[in-house]
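Asks: One structure follows; several queries about it will come next.
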Amino acid sequence: MSSVEVLIIDDEPAIRQVLAAYIGKAGFSISQASNGMVALERLSQGDVDIAICDIQMPDISGLELLRRTRATGVDTS
């Protein structure tokens, strides 16, 4: 059985690290993206099960990221 892959998307490194530590302790596999464009690239690979995303980021907002991923057919919770 493979682990659930969680992508944490936030432009603030401290927030990413806290979330990664907490969620990682629960046994999930963690990957991180520092902005929306990096997240789009990572999500397009198709191996992310859950994405936790900041709403306000400098390049594209979390809502825009959601819109773009849905438009491309990415199936992530």
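Asks: Counting only residues 5 or more places away or on other chains, whose amide H sits under 5 Å from the amide H of Met57 once H atoms are built in the peptide plane?
Replies: Those qualifying (amide H under 5 Å, at least 5 residues apart or on another chain) are Gly62.
Asks: To continue, here is another question. Sort the chain into rounded, prolate or oblate with this rule: let a ≥ b ≥ c be the square roots of the eigenvalues of the Cα gyration tensor; rounded if a/c is under 1.5, and if a/c is not under 1.5, prolate when a/b is larger than b/c, oblate otherwise.
Replies: oblate
Asks: Could you list which residues have their amide H under 5 Å from that of Gln32, counting only those 5 or more apart in sequence or on another chain, with H placed in the peptide plane?
Replies: Ile8
Asks: In addition: Could you check how much of the accessible area of the chain is carbon and sulfur, as a whole percent, using a 1.4 Å probe?
Replies: 55
Asks: Then there is this: Quick one: accessible area per residue over the range 1-73, 1.4 Å probe, rounded to a whole number of Å²?
Replies: 63
The values are calculated or read from the model by the stated rules, or taken from the named source; none is laboratory data. Everything numeric in this text was worked out from a predicted model, so none of it was measured. All accessible areas refer to the heavy atoms of the entire protein, side chains included, with ligands and DNA or RNA removed. Shrake-Rupley method; radii C 1.70, N 1.55, O 1.52, S 1.80 Å.
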